[in-house]
Amino acid sequence: MNQSLDSRDLIRASSIHRVLEIIGDRWVAVILQQCFLGVHGFEEFQRRLDIPRSTLSARLSMLVDQDILSRAPSSTPNQRLDYLLTEKGRDLFDTALMALAWQQQWVPRFNQPAVRHLGCGQPMTPMMVCHECSKPVDAREVTFRDGPGASWITRNKRRRRRTTAASSSRQALAVSEELLDLIGDRWTPQVVALGFFGIRRFDEMQKTLKLASNILTDRLKRVVDMDIFRQRQYQSRPPRSEYLLTEKGFSLYPMLMAMTQWGDRWCAGPEGPPLLFRHEACGKPLKGVVICNQCQSPLKPDTTEAII
């Protein structure tokens, strides 16, 4: 690690960055949601989501290339192929559950449980706990240090147009516009994640993510408007502000931790994860496990069902 943080286009290796390079897109988010609901066929995706066919084809192909979906001959008449979640794809379930738990807590229209645990038969709210001590994971009780995969990587500079899920489809989705604004973009979650690492000021954020000023300004305005960050002035001449996580922002940590753990398992290099996390409540390395809040059993795609 002999490169300077000021080196052009270099950023610290981050599992969240690697994950969002793959799934940080609004259409990808809703396609994956439909996969977890049991949708497999191209025509059914297109009908449910009202997505342009060329866009759907491109997103499905990308997910196949990333080994998140696989193609298989379809048993459905007039349909050639099914798109099925692979092991890697099913492993995104924790991230999806923690996203729904955040939505249930903070988006009034979605304040009822969206998932039933088949193990206990109860509607439930997923929660992330420490594997060692079973205490709920709270960012304020977690510390971090460089892991064996700590390094500098070149930021991908490709442009990606921001997509908007068709308004006609949103009514049929158990996903709020607010949640899509968060997870359906590759930069917004990374900006939020900086708050958990103590990076609060515009110049520090820009230096860390190597983002253009207009993109960072837009994402900060978005998360301030959503009450995930609050803006506090620390200098008057010239005016300068820092951005602090609100309680609503802190509650995003389990979703970001689930995303990080997925990235550590599937996107890290052979040397290992870029960061190691420690749960100070028990003094052990943190491994977050998503459980049913009713019976405390771990949750899997085949032990849950959506409440429609």
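The values are calculated or read from the model by the stated rules, or taken from the named source; none is laboratory data. Values in this document were obtained by computation on a predicted structure and should not be read as measured data. Virtual Cβ from ideal backbone geometry, glycine too; neighbours counted across all protein chains shown.
Out of everything in segment 113-156 that is touching a Phe, Trp or Tyr at 6+ places or on another chain (Cβ under 9 Å) and not in a loop (DSSP other than H, G, I, E, B), what residue ends up being farthest from Ala96 (Cα to Cα)? Among them, the one singled out is Arg145. Of the set (1) without any contact (Cβ under 8 Å) to a residue 60 or more places away in the chain; (2) of a type in the set (Lys, Arg); (3) touching a strand residue (DSSP E or B) at 6+ places or on another chain (Cβ under 6 Å), all apply to Lys210 but (1). Counting only helices (runs of 4 or more DSSP H) wholly contained in segment 17-108, the ones carrying 3 or more residues that are without any contact (Cβ under 8 Å) to a residue 24 or more places away in the chain occupy 42-49, 53-65.
Every residue, every condition in (1) under 21 Å from Leu211 (Cα atoms); (2) modelled with pLDDT of 90 or more, yes or no:
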position	(1), (2)
Phe144	no, yes
Pro148	no, yes
Asn156	yes, no
Thr163	yes, no
Gln171	no, no
Asp181	yes, yes
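Quick test for you: out of Arg26, Arg90, pick the one residue that is basic (Lys, Arg), in contact with a strand residue (DSSP E or B) (Cβ under 8 Å, 6 or more places away or on another chain) and surrounded by fewer than 21 Cβ atoms within 10 Å (Cβ to Cβ). I'd like the intermediate steps shown before the answer.
Values: Arg90 fails: in contact with a strand residue (DSSP E or B) (Cβ under 8 Å, 6 or more places away or on another chain).
Among Arg26, Arg90, only Arg26 is basic (Lys, Arg), in contact with a strand residue (DSSP E or B) (Cβ under 8 Å, 6 or more places away or on another chain) and surrounded by fewer than 21 Cβ atoms within 10 Å (Cβ to Cβ).
If you go through segment 65-87, how many residues are among the hydrophobic types (A, V, I, L, M, F, W, C) and either surrounded by fewer than 17 Cβ atoms within 10 Å (Cβ to Cβ) or more than 26 Å from Trp262 (Cα to Cα) (or both)? Reasoning before the result, please.
Taking segment 65-87 and keeping what is among the hydrophobic types (A, V, I, L, M, F, W, C), we get 68-69, 72, 81, 84-85.
Among the residues that remain, those that are also either surrounded by fewer than 17 Cβ atoms within 10 Å (Cβ to Cβ) or more than 26 Å from Trp262 (Cα to Cα) (or both) are: 72, 81, 84.
Final tally of qualifying residues: 3.
For Leu81, the conditions (1) under 28 Å from Gln190 (Cα atoms); (2) modelled with pLDDT under 95 all hold with the exception of (1).
Within segment 224-275, the residues that satisfy the criterion of being without any contact (Cβ under 8 Å) to a residue 60 or more places away in the chain, of a type in the set (D, E, K, R) and at negative phi are Asp225, Arg230, Arg232, Arg237, Arg240, Glu242, Glu247.
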